[in-house]
Structures are given as C-alpha cells and as structure tokens.
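Quick notes on the structure that follows.
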Amino acid sequence: TGPGGDDSGSSEEYSAWALKEVDEAPLSLFASVDVLDLSARGEAVFAAALDGYDRKVDAIEEHLAKLLRDKLSSCQDAEDMFRVFARFNPLLSRTRVRVAVKEFQLQLMNTVGQAVQKLQSKFTHKYESSSASCIATIRGIPPVSGKILWAKQMERQVHALMKRMSHVLGKEWGQHLEGRQLRRSCDELLSKLDSRAYFRNWVSEWERELSSDTNSKLNTFPIIIVREGKFLVAKANFDEKHEYLSREIRYLKWLGYERDIPRTIALVSEEAMTRHVHAMALKTALSSYAAARGLITEELEPLVSQEMRAIQESIGEAFDVSLDGSKKTSKRRTRWDSKDVGGWIAVLNEHVNRFEERVEILLRASENIDVAIDALKSV
C-alpha cells in the first residue's frame, strides 16, 4: 500500500514514499544479516533477505506502474501525457512499468509520427511556396536568409519531437522496434534540412555571377545606355540584386555566417551600400526626366531644347561605352568612385527640376492657347 496505508494521495507524496521505501529497504532487511557468515545457514539468511528485498522493490514498482497509468489515463490531451512521461521517464527502465504504459506509448508515437509527416509534407512543398516565404517577404527578409530561418525552425521542431520520443520510450528509443522507423524518418528529414547547404549554394551562385561579369569597366560608370525598341535610353547603372545582396549579408551575419561569407562577395555588398543612396537619387532623376520628356510634343520641343541639352550633357558625363562599342568623348568623366559623384547627381537633379517646371509652364500655356483659338472660332 501507499502512504497512509492506501493507494490515495498525490503523486508527490507517492514518489516521496516510494523513495523512502527503496532507501530503507536494505537497512530494514539486511540489518540483522551477518554478511561474513559463509556457512550454509548464513547463506540461507542472506538469500532470504535478498528475496525479501526483491519482493519489496517489485511491490513498489507495481504501485508506481499503477500510479503512472492512472496519471496517464487522467490526462486531457497528448500534451499532458508528454509532460507525465518527461517526469517519470527514469521508471521506463523497469519492465513492469513499460508494460503498464505500452498503449499510451503507442498513442503518443502515432501523434509524433503524424507531426513528422506534416513537417515532411511542408518540406516537400518547398519554402518558396510556403506561407513562411510570404511572411518573410512582407517583413523584408531576403530569400536565402528566409529559407535558412525556415529550415532552422523545422529542424528545431524535429529535434523537439525526437526529445519527446526519448521521454516516451527512453534514451535509446531509436533502437526500439516501435521507434526504429520513426527515428529513420526524423534522421532523413534532418539530413535534408541542411541550412548550410542553402548558404553554400548561395555563395556558389554569387561567385559564378561575379566571375562571369564581363562589363566591369562599364559598371564603374553611373549611367548605362540601353536600347528599348527603336530608342536608346539612359538608365542608372545599379543592379537591384546588389541591394538585396547587402540585406542578405546583414541577415546572414545575424544568423552566424559572418566568417563564412567570402571577402569578394562582402566587398561587392559594401560597394553596393555605398552607391545605393546615389543610385536611388539618380533613378528618380532619370525617371522624372523620361516622364516629363514624354509630355513634350514635336511642336513644343524647340522651346525646351536648352533645358534638354543641359540634361543630356550632364548625362553624357557619366557613361563611357555605347551599345556599338564606340567611345564617348567629354572633358569630364564621372564614375561611381569619383569624389564628386554626389555633386554631379545634385546638378542633374537641378536640371531635371528646371526642365519639369519649364514643361509644366509650356503645357499650361499651350492649353490656354488652344482654349483661346477655340473661342475665336466661335466668334
């Protein structure tokens, strides 16, 4: 019987009673035994005491098995069962206890198996099509860092499930017949959730891109001339991928990959960060000029030729290679690493602002003239 002479009482009282019984059993049973008595009678007394000790431990073990089974039966859900197994895990080394909780072990193994299958399904559907990818994009987390975070999160979930299985079946749960297949599934999923593999692939892609960059000379100039249909258009010579690279490296450093990032890629990132502010200002100026230029008709173009020429001359200072490979000649050459690149962009912005104001005035005047002509026609 338990404490107080019955099977009632809290688990704490029961555990304290069981520990006390186990501790006191050797003293109470072997206190009167003379271990130095090697006669037949002495050996019989020792064997009787040993048998009494085994029976006492068996009785305590039976009570504990009943206690554990009762506690598991009273659990409301699987979470409660996992907590009970985590607390009483050392008792699973006893055969009688394992037999008593067998059905609960199988039930929790099924729960863990379903959780592992869900994680496998999530991995199969890929990060790019997951809700985690959408959330990462909204939060401004770059693709590779988001994928690594996603993989690490799933990896933690798998390890948590494996820890739960060790609570339910014991430390060697992977060697159990029931847990062998589940252990293989967990190990297989962990081998696929290799966040460092994602990082290595990212490094390889950037190294290939940097090694295949044949326009290194062209990339030193803020302006690049591209063909759009029949027209040549000036664009800011800044790849947005480099902006993403800077953000990616910032997150990768936070994730612990700072020492693994190649120096060449880090330098490209630092260069992109230095150019970013100027590149955004340049893009704004060029897009504003293109928008205002699209409002000018052939009849009005001569009236803004002076402003357009100032903008074109300013743009001409910042590119060196045309589409046909011919060289531009100019007294001034502005490069990304020029000390006055900020001043050049400021001047370009002033020319564009003046051009926009001139276009607005001309369009308003043109509209007034059209209204006056229509009024004269009706006279």
> What ³J(HN,Hα) values, in whole Hz, does the Karplus curve 6.51 cos²θ - 1.76 cosθ + 1.60 give for the stretch 309-318 when θ = phi - 60°, with x put for Gly and Pro?
Replying inline: 5, 5, 5, 5, 5, 5, 5, x, 7, 10
> Tell me, what HN-Hα J-couplings in whole Hz come from the Karplus equation 6.51 cos²θ - 1.76 cosθ + 1.60 at θ = phi - 60° for each residue of the stretch 236-243, using x for Gly and Pro?
Replying inline: 5, 7, 9, 7, 5, 4, 6, 5
> Does a label point 7 Å from the Cα of Lys339, set along Cα-to-beta-carbon, have any residues of the stretch 271-304 with amide nitrogen under 20 Å, and which are they?
Replying inline: 274-275, 278
> With Cβ to Cβ distances under 12 Å as the rule, what net charge do the other residues near Leu119 carry (K, R +1; D, E -1)?
Replying inline: +2
> Taking θ as phi - 60°, what are the ³J(HN,Hα) couplings along the stretch 275-291 by the Karplus curve (6.51, -1.76, 1.60), each to the nearest whole Hz, with x for Gly and Pro?
Replying inline: 7, 4, 4, 5, 5, 5, 5, 5, 4, 4, 5, 5, 5, 5, 5, 5, 5
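Values in this text are rule-based calculations from the coordinates and carry no lab data. This is a predicted model, so every value here is computed, not measured. Positions of Cβ are generated from backbone atoms using ideal geometry, with glycine treated the same way; all protein chains shown enter the neighbour counts.
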